[in-house]
């Protein structure tokens, strides 16, 4: 129901009630009025008429009496006047037709009494006129007029009593009606008030309640809760308003939800943007890195080609000189030496370069073993001894007792130490000092992760602090490149860095300009292997076997150092060999030719004739060229030795067991037949030469088909 | 030639005209007379997994010509000495 309808209904109810009360009041007043009219119409005129009748009758009687007694004519006229008045009253009174029978009879009785009275008095007056004696008249009066007057008076009084009685009953009725009306009025007023209150309450409720709910709803929504729903079922304007409100809330809610999702979408997008930004930055970084790498590659390539071209130029120019001019033998030899050295440098450069590429590409094959740094350093010192001696440099090495082992590829580690040493030698002034040290550095609180640190110090030109990092970069020789400085590949330190880092170590340099540099490298200590776990060498068994096979074999030991001769003789004799000794090159050549031993062990550094020269002579003599030669030297110069035809090479200090094994192998070697198959004729020639020098029988084929011809 | 000389070891280049080293090694290993001959393959270029391939088809070793030739000689020595001690 609409609010307007409700209000109209409310007002209508009140109006109806008002009408009801009004009608009731009017009716009640009508009642009262009619009762009042009854009094006015009947009781009041009746009573007055009775009084009038009594009055006139009395006056008529009095005047008549006066006339009789005094004969006054005036009295007689007055008596007639009153009589006529009485007659008038009677006429007027009875013109009104009585409605009910009782009243009619009463009226008739009244009229009879009045008529009787009139007649008696008229008769009396007539008799007086006739002159009848007053006393007689009085007596007669006593008989006729008096009783009629009395009867009239009585009748009047009765009638008045009757009227009074009626009046009383009317009064009672009136009072009754009045009271009833009053009560009814009070009741209606009360009822109306009650109905008005109830109606007002109902209407107010039906209007206010939803309004209140609406108010609450707005408050809830104002607090931000959009889930609020009024759910009003009312059909009025407020209901519509509530529904509209609900709808609004719902759409607000859904828009909020969509805003939420939009927000999260925006957040997502922002995150994505950030990610993209990050990726872009990463890409940029990667791109920068690539550009840098590209630049580095260019630099690298130009450096490489430069580095390659330099020795090549020397080789080519000296080769050209040799081909063009007939130089004397010494000059030729000098030039050939240069060509050879430059070739070596070129080879080393290419090898270093390949090594580095392999390591960087992760294709290096590492032969990891557990080893001690001490023998490695000794070996490196031996290898570099030749170049150290050229500059009369001392290399001092302080051994650390019980140095823990590390895991590394032995050859690579030797390469690292050799690199550091040869650098130190190269950059040290003549008569300088080079110190090699080892120590164990324990990491704080971690006994297991201690490192073995080796250092190589020189007293050379030193390195500026800003170049500490650069020395480990490819093709970087720090300092002024134009000055005459020792030549190198510039790859030694980068390779060393890669090797050490591959084994979890670090390599670094500390230096002061013009005061010298110290290169350090560290390697993690290998887990100690208990003594008992070390494999027991099966020496005895092998010795028996060796004696069986090698009985009667002859070994010539050549060394200028007597102690070494004694030691080697002792060792070889113990294994069942026959031993000859020579203290110098000349003796060695004589002995070799005379005894034709099965093996010669040869020192390199000897007075007058060196070990290499001895080798050269023996390998060029058909009688002795098949005798295997094992070089035992502190100098590492395998290349030269193998070129001369040396069969094997060991650097001092020598591991006894290894030496005996080598000797065993060399002695038991028969002349083996080797076939080379290669289409590169110069290579075949070179390899064939070397193999023949090493005591093999060599044949060659230049393609596969030749094999079956 | 192969029958006449009966070599203890063959140094065999891989990249050759007419038939390459791999072909030669297959032929040699297929013939019972020559199957026992040790073969060291030589290559001028680095081949990925070349060593494994070489060993799998019956070669004793693979040598890179770019390496120091001393390595070649050492390899030859080792192979032929092995034979003695066996």
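Since every read-out is calculated from the coordinates, none of them should be taken as a lab result. Remember, it's a predicted structure, so these values are computed and weren't measured experimentally. Every residue, glycine as well, gets a Cβ built from its backbone with ideal geometry; the counts of neighbours run over all protein chains shown.
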Extended-chain gain in nm, criterion 0.36 nm per residue less alpha-carbon gap, residue A:287 and residue A:570: 95.1 nm
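Suppose a student asked you for the relative contact order of chain A, using Cα pairs under 8 Å spaced at least 6 residues apart; what percent would you report?
Working: 841 pairs, mean separation 49.8, N = 709.
Relative contact order here is 7 percent.
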Nearest 10 degrees, 0 to 90: helix A:329-360 Cα axis against chain A principal axis: 20
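Could you give the length gained on full extension between residue A:299 and residue A:109, defined as 0.36 nm per residue of separation minus the Cα-Cα distance, in nm? Kindly include the intermediate steps, with their values, before the conclusion.
On the way: separation 190, 0.36 × 190 = 68.40 nm, distance 16.91 nm.
Going from the current span to full extension adds 51.5 nm.
Can you put A:502, A:596, A:306 in order, fewest other beta carbons within 10 Å first? List each step's numbers first, then the result.
Details: A:502 16, A:596 13, A:306 10.
So the ranking, lowest neighbour count to highest, is A:306, A:596, A:502.
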Sites residue A:616 and residue A:431 - FRET efficiency at Förster radius 30 Å, r taken between beta-carbons, to 0.05: 0.40
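Relative to the present Cα-Cα distance, how much length would full extension add between residue A:205 and residue A:350 at 0.36 nm per residue of separation? Kindly include the intermediate steps, with their values, before the conclusion.
Working: separation 145, 0.36 × 145 = 52.20 nm, distance 10.49 nm.
The residue A:205-residue A:350 span can extend by a further 41.7 nm.
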Estimated [θ] at 222 nm from DSSP helical runs (n ≥ 4, -39500 (n - 2.57)) normalised by residues in chain A, nearest 500: -22500 deg cm²/dmol
Where labels lie 7 Å past Cα in the beta-carbon direction, separation of residue A:169 and residue B:56 in nm: 14.9
Helix axis angle, A:44-70 relative to chain A longest principal axis, alpha carbon, degrees: 20
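Would you mind getting me the FRET efficiency between residue A:252 and residue A:14? Use the beta-carbon distance for r and R0 = 51 Å, nearest 0.05.
Working: r = 42 Å, r/R0 = 0.83.
FRET efficiency, residue A:252 to residue A:14: 0.75.
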Largest to smallest principal axis extent of the C-alpha atoms in chain A, angstrom: 245, 66, 62
Distance in nm between pseudo-label sites at residue A:161 and residue A:367 (7 Å out along the Cβ direction from Cα): 17.3
Spatial separation of Cα centroids for region A:295-320 and region A:97-147, in angstrom: 191
Computed E for residue A:33/residue A:81 - FRET, C-beta separation, R0 35 angstrom, nearest 0.05: 0.35
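Just the Kirkwood number for region A:566-681, please: inverse of mean 1/r across all distinct Cα pairs, in Å, one decimal.
It works out to 15.0 Å.
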Size of region A:3-198 as Cα extents on the principal axes (Å, biggest first): 102, 27, 23
Sorted by Cβ density within 10 Å, fewest first, the residues A:520, A:29: A:29, A:520
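Out of all DSSP beta bridges in chain A, what portion is antiparallel? Express it as a percent rounded to 5.
Working: 27 of 53 bridges.
The answer is about 50 percent antiparallel.
Rounded, prolate or oblate: pick one for chain B, where a ≥ b ≥ c are the square roots of the eigenvalues of its C-alpha gyration tensor, a/c under 1.5 means rounded, and failing that, prolate if a/b is larger than b/c, else oblate. If you can, show how the numbers build up before the last one.
On the way: a/c = 1.63, a/b = 1.09, b/c = 1.49.
Since a/c reaches 1.5 but b/c is at least a/b, the shape of chain B is classed as oblate.
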Rounded if a/c under 1.5, otherwise prolate or oblate - region A:571-614, Cα gyration tensor axes: prolate
In nm, spacing of pseudo-spin labels at residue A:25 and residue A:267 (7 Å Cα→C-beta vector): 7.4
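To make sure I understand, if each residue's beta carbon is the centre and we count other beta carbons within 10 Å, what order do A:189, A:564 fall in, fewest to most? Intermediate results must be reported in sequence, preceding the final value.
Numbers: A:189 12, A:564 18.
By the 10 Å Cβ count, ascending: A:189, A:564.
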Tilt relative to chain A, helix A:237-324 - C-alpha long axis, 0 to 90 degrees, to 10: 10
